[in-house]
1. Among the residues of region 74-87, is there at least one that is under 20 Å from F140 (Cα atoms), under 13 Å from the mean Cα position of the chain (by Cα), surrounded by 19 or more Cβ atoms within 10 Å (Cβ to Cβ) and touching a residue at least 12 places away in the same chain (Cβ under 8 Å)?
2. Within region 56-66, does at least one residue satisfy the condition of being more than 15 Å from I39 (Cα to Cα) and assigned to a loop (DSSP other than H, G, I, E, B)?
3. What number of residues within region 30-44 satisfy the criterion of being within 16 Å of the chain's Cα centre (by Cα) and open to solvent by 70 Å² or more (accessible area, probe 1.4 Å)?
4. Residues that are free of Cβ contacts under 8 Å to residues at least 24 places away in the same chain and surrounded by fewer than 21 Cβ atoms within 10 Å (Cβ to Cβ): find the strands (runs of 3 or more DSSP E) completely inside region 109-203 holding 2 or more of those.
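The values are calculated or read from the model by the stated rules, or taken from the named source; none is laboratory data. Computed from a prediction, not measured in an experiment: that's the story for all the values here. Methodologically, a virtual Cβ is constructed for each residue, glycine included, from the backbone with ideal geometry; neighbour enumeration extends over all protein chains shown. All accessible areas refer to the heavy atoms of the entire protein, side chains included, with ligands and DNA or RNA removed. Shrake-Rupley method; radii C 1.70, N 1.55, O 1.52, S 1.80 Å.
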Amino acid sequence: MSVRLTRYLLIAGVFACFSCFAMEAMAAILLVPRQHPTIQEAVTQAKPGDTIRVAAGHYSETVTMSKGIILEGGWNQFFTTRDFSRNASIIDGSKGMGPTVYGADEAVLDGFTVKGGSPPMIMPDAPVGPGIYCYGLTDFTIRNNFITENNAAGIYAGFSIILVANNVISANKRGGVYLEFSAARIIDNRISYNGLGGVYAGI
């Protein structure tokens, strides 16, 4: 290998490492409600790689996630400790129609109570108004959540690739997890007392 090629490879390697460190340095942490009064406002401001930390409380809203963000519930009011069983961060979509949380590619939903999802008015018997709605998504992660009291499925996935890990999925009107043309890794969840069973494959 020539000296010139070796020097080029070293420079390229250094540049690649610098780019990785720069991306990490640019990643932001957004706080709800300290900096943003609603989860959706923080999501709208976030960029891929950012983390949104949500303090315990009842958030009456629907949330549309964006690509590459990490949405974390379970923080205390000072954002010094995190315990999603003691510090319940509740996303409650019951005042609207349709899903409570819309997923996104390469995003993570971690540590929330998700409730109040309902089918849209034009399809009152559909399973697609769930707590968490995934359609056409790649690598969406749903972990450490309590998904309950949704008037359709707890989680609906259509044409998606999702990871569902360490959640409690209970007392939803239709299936706990409802899959159509989707691939799902379902690991270490507690799924019980859902209307159409634990995991339901429509197609």
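1. No - not one qualifying residue is present in region 74-87.
2. Taking region 56-66 as the starting set, the residues that turn out to be more than 15 Å from I39 (Cα to Cα) are none.
Among the residues of region 56-66, not one is more than 15 Å from I39 (Cα to Cα) and assigned to a loop (DSSP other than H, G, I, E, B), which makes the answer no.
3. Here the count works out to 2.
4. Details: elements: 113-115, 132-135, 138-143, 146-148, 155-158, 161-165, 168-170, 177-180, 183-187, 190-192, 199-201.
Hits in region 109-203: 183-187, 190-192.
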